[in-house]
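Below is one structure, written out as structure tokens; the observations come after it.
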Amino acid sequence: MKSPRGPVLILGWVIRIVAAVILAQTLFFKFTGSEESVYIFETLGVEPWGRWAAGFAELITAVLLLVPRTAWLGAALGVGVMLGAIGSHLTRLGIVVKDDGGFLFGLALAVTVCCGATLLIHRRELPLIGHRF
């Protein structure tokens, strides 16, 4: 399996760090039971276990993104987790949650883009399909 090199390697690290920092920052609020996090998961009908599950998924995603050998796996998990968050915003929560101006929705979009770009950069490492691209 061929790993990215040069400027692509640097770009790959930058976008993985951006995604991991956003995930780490938001999971802090989930684990501490902040008012906004509790509101979100109550609205979704999955408080508190859904909040904890989302927090653990985000923690695992952030760690996997920062380990070079598992970056592709973290990116795939990140896309899945964030599609769930985006779907929740578009169906039950609304883009603006508790007067945040759409900030949380924007963070979910940013992480999705970063994880999607990471998957593209690491496409040769993907099992079953990586060797074809």
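The values are calculated or read from the model by the stated rules, or taken from the named source; none is laboratory data. Computed from a predicted structure; not experimentally measured. Counting neighbours? That spans all protein chains shown, and the Cβs are built from the backbone with ideal geometry, glycine included.
Going by the structure shown, is residue 32 under 18 Å from residue 107 (Cβ atoms) and not hydrophobic (A, V, I, L, M, F, W, C)? The answer is yes for residue 32. Among residues belonging to the range 30-70 that are within 12 Å of the chain's Cα centre (by Cα) and aliphatic (A, V, I, L, M), point out the one that is farthest from residue 114 (Cα to Cα). Filtering the range 30-70 for residues that are within 12 Å of the chain's Cα centre (by Cα) and aliphatic (A, V, I, L, M), the one farthest from residue 114 (Cα to Cα) comes out as 54.
Restricting 126, 107 to residues that are modelled with pLDDT under 95 and in contact with a helix residue (DSSP H, G or I) (Cβ under 7 Å, 6 or more places away or on another chain) narrows the list to 126. Which residue pairs have Cβ atoms closer than 7 Å, lie 6 or more positions apart in sequence or on different chains, and pair a first residue in the range 93-109 that is over 23 Å from residue 20 (Cβ atoms) with a second residue that is in a loop (DSSP other than H, G, I, E, B)? Once the first residue is over 23 Å from residue 20 (Cβ atoms) and sits in the range 93-109, its partners that are in a loop (DSSP other than H, G, I, E, B) give 95/102; 96/102.
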